[in-house]
Every structure is written in C-alpha cells, then in structure tokens.
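**Student:** There's a structure below that I have some questions on.
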Amino acid sequence: MRKLLSADVNRLKKDKILWGAMAVLLVYSIFYILNGCRQATSSAMAEYNYSLDRYYFQYALLIGMFCSVVTGMFLGPEYSEGTLRNKLIVGHTRPAIYLSNLIVSFLASVLLLSVWLIGGLAGVPTLGFLKMGTGVLLYLAVSICYLAAFSAVYTFIGMLVSRKALAEVGSLLFFFALLLLGSFLYQRLQQPEFVNNIIITAEEGIKTTSPTPNPDYLTGMKREIYQFLADFLPTGQCIQMAELNLLHPLRMILSSLSITMITTAAGIFLFRKKNLN
C-alpha cells in the first residue's frame, strides 16, 4: 500500500490538470477578494461594514466542481492507459488500489482548497483578518469533511466507470445536480414566516399592508426534513458556508463522514467484483 500510494502521489505531482486548476483558483481567488475589497470600501457600501468573512468562504460554491475535474482526469488513465492492469500485475490488491486513489484524490482536493485560502489573504491589508476568530477552524473542519465526501463520490464514479469521458461528465453532472438540489433546499428554508403585501393605488400610491403568513414558509416536520437534507448534502453544506450560515456544523461533519465511509465501502465492494477484461 505504501509503495502504491507513493507512486500515485508522484503521479499527482506531475499532473498538469491539477497544477492548472490550482493556478486558476489562485488567480480567481485573488481577483474575487480584491473585487470584494473594492465593493466593501466604496461609499455606497460603507454602511454595511463588510469584513473579509463575507468573501473568504465563497470557495465553497466552486470547490466541488474543481475537485470533480481534477479527480476525473487523474483517475481516467487507470483504464485508458492500462495503469490499473499494471498495478494488478505487480501484485497490488483491488482494495489497496481503490483506497490509494481515494487518498490521492482527497489530497488533491485539499491542495485546491489551500490555494484559495492563500489567495484570499490578499484581502487582509484592506479588510483585516477574519472577524469570526477561532470560528474559522470550525469552518475549515466542515470544509475538509465535505471535501472527503466529494472525493469519495468522485472516486466511486471514476473507479467503476471504465470510459474516461463518461466518468468525467458523470461526475460533473452529479455535482451540478446536487448543487441545484442544495440550492432549492436552502431557498425554501430561507422563506420568511410573514410577508408584507404591496398595493399600488392611484390615490395613495404604494401602500404596504400588515404582515400576513407566508404559505411557502416551512414548519414542523417538513422543515426538519428540509434542514436535515441541506445539512446532509455536501452541496447544501457548501451553500450554507458561502452564506456564513452554518447552523448545525456537527451534523454536517458527521454527515460528510458517513457519506465518505458508506460510499467507500460500496465502491470497494463493487470494484472487487468488477470485470476488468
């Protein structure tokens, strides 16, 4: 396992897709943070007193997509270039191969995250350090855990789908589907309990009526289910992090770890039975 992991890490170091993705993320993070600094210090936005916190965690909306691309391109040669067959010939077991790819995929995801975090420091001279203080450690813990979940899912797809292009497209589509679902759940949870109706008349102009119950507001068990799903899905966690609204961080961490373990166990089981001929 150690030799296998060492070989995969060396291959990752030479992966041009990873280096390219890191470069793109670094440039984008610096540009995004500096643009945020410009907005936050403008006279029109001065009353809001925005801090670095508002912009620093926006990586959550993108990181899953970048991880999908890097993992897909890294695992693609396993089948297309015969790398997997060579590993088996020299005596490596299927579970060891699967776990090695998972670990390296997770390592690549952490590197992508690190690049954004470094680039985001460009906003410190203007906005100062994060106001949440040590709370950043909790945000990073949630991030690391949902990156593990993303890596487990993408490794599952990449190791079980023999066609490189199909695996890459499948991973991206899966991410966007989860992102749409997470966005839908979060938007429903953000519906206000009461709404003000606006009436426009010729005599009085714009008039606001007294607040009335919002029929779209979730209550009771239905709200609990929506909140659980938003906390369970990695993309739901990403959206809440980008909004600086982590209500149940422990539930999120446990959910990500559960997804990682279940997906990995299922992936190893199916990979052992997969016909590689």
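The values are calculated or read from the model by the stated rules, or taken from the named source; none is laboratory data. Note that this is a predicted model, so its numbers are computed, not measured. Cβ atoms come from the backbone with ideal geometry, glycine included; neighbour counts cover every protein chain shown. We work out accessible area using only protein heavy atoms, side chains counted, and drop any ligands, DNA or RNA first. Shrake-Rupley method; radii C 1.70, N 1.55, O 1.52, S 1.80 Å.
**Student:** For the condition modelled with pLDDT under 95 and open to solvent by 100 Å² or more (accessible area, probe 1.4 Å), what is the one hit in F271, F194?
**Tutor:** Step by step, each of F271, F194 is checked, and only F194 is modelled with pLDDT under 95 and open to solvent by 100 Å² or more (accessible area, probe 1.4 Å).
**Student:** What's the total number of residues in segment 77-112 that are part of a helix (DSSP H, G or I) and out of contact with any Ser or Thr (no Cβ under 6 Å at 6 or more places or on another chain)?
**Tutor:** The qualifying residues number 23.
**Student:** A follow-up question, please. Residues that are open to solvent by 60 Å² or more (accessible area, probe 1.4 Å), touching a residue at least 60 places away in the same chain (Cβ under 8 Å) and part of a helix (DSSP H, G or I): does segment 45-62 have at least one?
**Tutor:** yes
**Student:** A follow-up question, please. Look through S162, S183, S171 and report the one residue that is under 15 Å from V69 (Cβ atoms), open to solvent by less than 60 Å² (accessible area, probe 1.4 Å) and over 12 Å from the mean Cα position of the chain (by Cα).
**Tutor:** Just a single option satisfies the conditions, and that option is S171.
**Student:** Looking at (1) within 18 Å of M1 (Cβ to Cβ); (2) of a type outside the set (D, E); (3) crowded, with 21+ Cβ neighbours inside 10 Å, which one does W116 not meet, given that it meets all the others?
**Tutor:** It fails just one condition, (1).
**Student:** Could I ask something else about it? Mind listing whichever residues of segment 119-150 are crowded, with 18+ Cβ neighbours inside 10 Å and either under 19 Å from K16 (Cα atoms) or hydroxyl-bearing (S, T, Y) (or both)?
**Tutor:** Answer for segment 119-150, where residues must be crowded, with 18+ Cβ neighbours inside 10 Å and either under 19 Å from K16 (Cα atoms) or hydroxyl-bearing (S, T, Y) (or both): Y139, S143, Y146.
**Student:** Another one. If a residue must be open to solvent by 60 Å² or more (accessible area, probe 1.4 Å) and under 21 Å from Q237 (Cα atoms), how many such residues does segment 100-113 contain?
**Tutor:** Qualifying residue count for the region: 3.
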